[in-house]
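To start, the structure under review is shown below, and the notes come after it.
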Amino acid sequence: RQADGRKVLRSSIREFLCSEAMFHLGIPTTRAGTCVTSDSKVVRDIFYDGNPKSERCTVVLRIASTFIRFGSFEIFKPTDEYTGRKGPSVNRNDIRIQMLDYVISTFYPEIQEAYSDNSIQRNAAFFKEITKRTARLVAEWQCVGFCHGVLNTDNMSIVGLTIDYGPFGFMDRYDPEHICNGSDNTGRYAYNKQPEICKWNLGKLAEALVPELPLEISELILEEEYDAEFEKHYLQKMRKKLGLIQLELEEDSKLVSELLETMHLTGGDFTNIFYLLSSFSVDCDPSGLEDFLENLTSQCASVEELKVAFKPQMDPRQLSMMLMLAQSNPQLFALIGTKANINKELERIEQFSKLQQLTEADLLSRNKRHWKEWLEKYRVRLQKEVESVSGADAWNTDRVKVMNSNNPKYILRNYIAQNAIEAAENGDFSEVRNVLKLLENPFQEAEGFGEVKEDAEEEGASAPAAACAQETRSRLPYCSKPPLWASELCVT
């Protein structure tokens, strides 16, 4: 792409902060040692819209046991029948053997020791282990609402770390189809596609290991291990997030999916809803329940926020032409537009139309009804926990403790990163340091910290943010769901 290989301050701060945030959330990741910027400038067209600007060149020191990726093994790829491209080390099986020997003996020494006399069994054990590590990693992402943004084989670590922080984002309003990368037009790396795409990448790694690991062996491992490991780890983590610490019941999976469905219906903030649930009491009276519902619904999207979220994105005439083309020439339509994108736009139009008639009072009433229904199911499930223990008070203390160590209060939201970036671009790195300190204790209430700007009217604010800024200069706590201007932020 004729790129110059240089990183800029904006993306460097995001990587620096997020890799540290992930580490302190307990998620396997590369670390950030330093972030060094300079007066050298490069020109970047951030949104690919013909409006380039000069940005400071910056270097992030990344730290990890290794930076070998799935893609590292694709240097042996034979000629692709569609593109005619091939790997630079095609037919060099000697190098593949060397790489496998190095990776397994260095990073998986217990496997090397156990299967030192049989390379096929050793390679199979290695592939099984990286399959399980990857499944657990993506389950951890899903449980904190983290979206990577570009999950190709070159962004997958051979030791199961989160690697290469590009257009990532933590989900605010829960949307299973959330896309954090503004240039991912087809939603290939959407939040709900992450488990599936990581499994696909493991399939590509399996192909790259032939003949040192026959495909029939690796494919069987992938089918037997990946989904089972993902589902097991995801449900274990979700039980902790919901304080289900005594019993493991089959119905728990349904309770989790119904919670996410309620969150989706009400536009609930993923992080804050989970955080609030630890203060739900099994035996709260009607007035206590009403207070709790008030808190819960305050973390749901307002009519105004939903209007921004569901605002149609295509010109009506363009949409009309696409629909006509889909009927008259399906082959041509398949080349220039995806059916899924059109359906999503039609759904957006329908939702936006309904929102025009909706009042805040109606929305609040509807949201309370949805949450009341789910909380009743949650109460019944918690009651089963209480009945299985001898002391309810001790159980509740443990429940709250487990929930508070699995549901972060602070994550690196886009608007928090944006405020830190804007200050740094104006020479003030104090906000970056503040945010870094905050993210080092994501599960604890922070004391002595400032708050972030709710508007973006400072000098150097990005144009979309400034356009959405409110005139009042109020402040937001770091744990707040995003201000309205944040919906305009785009990361590519």
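The values are calculated or read from the model by the stated rules, or taken from the named source; none is laboratory data. For clarity, every value in this text was computed on a predicted model and none was experimentally measured. Please note: Cβ atoms are built from the backbone with ideal geometry, for glycine as well, and neighbour counts cover all protein chains shown. The accessibility values were calculated without ligands, DNA or RNA, using every heavy atom of the protein model including side chains. Shrake-Rupley method; radii C 1.70, N 1.55, O 1.52, S 1.80 Å.
Pairwise alpha-carbon distances in the stretch 67-246 exceed 19 Å for 61% of all pairs.
Take each peptide in 134-147, 246-259, count the other Cβ atoms within 10 Å of every residue, and average; sorted highest first, the result is 134-147, 246-259.
What full-extension length gain, to one decimal in nm, is calculated for Ser65 and Ser253 as 0.36 nm per residue of separation minus the Cα-Cα distance? The partial results should precede the final answer.
Working: separation 188, 0.36 × 188 = 67.68 nm, distance 3.52 nm.
Going from the current span to full extension adds 64.2 nm.
Peptides 191-198, 303-310, 153-160 ranked from most to least packed by the mean count of surrounding Cβ atoms within 10 Å: 153-160, 191-198, 303-310. Modelled this way, with points 7 Å down the Cα-to-C-beta line, the labels at Glu304 and Gln351 are 2.0 nm from one another.
Modelled this way, with points 7 Å down the Cα-to-C-beta line, the labels at Glu196 and Ser390 are 5.0 nm from one another. Straight-line cross-link partners of Lys77 among the lysines, defined as a Cα under 25 Å from its Cα and at least 8 positions apart when in the same chain: Lys86, Lys128, Lys132, Lys199, Lys204. Accessible surface for the chain, divided over its residues, is 50 Å² per residue with a 1.4 Å probe.
Modelled this way, with points 7 Å down the Cα-to-C-beta line, the labels at Asn51 and Glu216 are 5.9 nm from one another.
Using the Cβ of Ala394 as centre and a radius below 14 Å, the other residues enclosed give a net charge of -1, where K and R count +1 and D and E count -1.
If you take all other residues with their beta carbon under 13 Å from the beta carbon of Tyr191, and give Lys and Arg +1 and Asp and Glu -1, the sum is -2.
Solvent-accessible area of Val150, all protein chains in place: 40 Å² (probe radius 1.4 Å, heavy atoms, ligands and nucleic acids excluded).
Computed in the context of the full set of protein chains, the accessible area of the chain at 1.4 Å probe radius has 50% of its extent on carbon or sulfur. Dividing the mean sequence gap of close Cα pairs (under 8 Å, 6+ apart) by how many residues the stretch 67-246 holds gives a relative contact order of 26 percent. In a fully extended conformation the segment linking Glu81 and Gln383 would gain 102.8 nm over its present Cα-Cα distance, using 0.36 nm per residue.
Calculated mean residue ellipticity at 222 nm for the chain: -16500 deg cm²/dmol, from DSSP H runs with n ≥ 4 weighted as -39500 (n - 2.57), summed, divided by the residue count and rounded to 500.
Relative to the present Cα-Cα distance, how much length would full extension add between Asp117 and Gln236 at 0.36 nm per residue of separation? Intermediate values should be presented prior to the final figure.
Working: separation 119, 0.36 × 119 = 42.84 nm, distance 3.63 nm.
Extra length available between Asp117 and Gln236 comes to 39.2 nm.
Would you mind checking Lys232/Lys377; Lys240/Lys409; Lys237/Lys409 for any pair whose Cα atoms are more than 20 angstrom apart? Over 20 Å Cα-Cα: Lys232/Lys377. The largest accessible area among His178, His148 belongs to the first residue in His178, His148, and the rest follow in falling order (1.4 Å probe, all chains).
Would you mind counting up the charge near Asp291? Only other residues with Cβ under 14 Å from its Cβ, with Lys and Arg at +1 and Asp and Glu at -1. The partial results should precede the final answer.
Details: positive: Lys368, Lys372; negative: Asp285, Glu290, Glu294.
Residues near Asp291 contribute -1 overall.
Starting from the residue with the highest accessible area, list Tyr108, Tyr102 in decreasing order, probe 1.4 Å. Please list the in-between numbers first.
Details: Tyr108 0, Tyr102 110 Å².
In descending accessible area the options line up as Tyr102, Tyr108.
In summary, the lysines within cross-link reach of Lys307, defined as a Cα separation below 22 angstrom excluding same-chain residues under 8 places away, comprise Lys344, Lys354, Lys368, Lys481.
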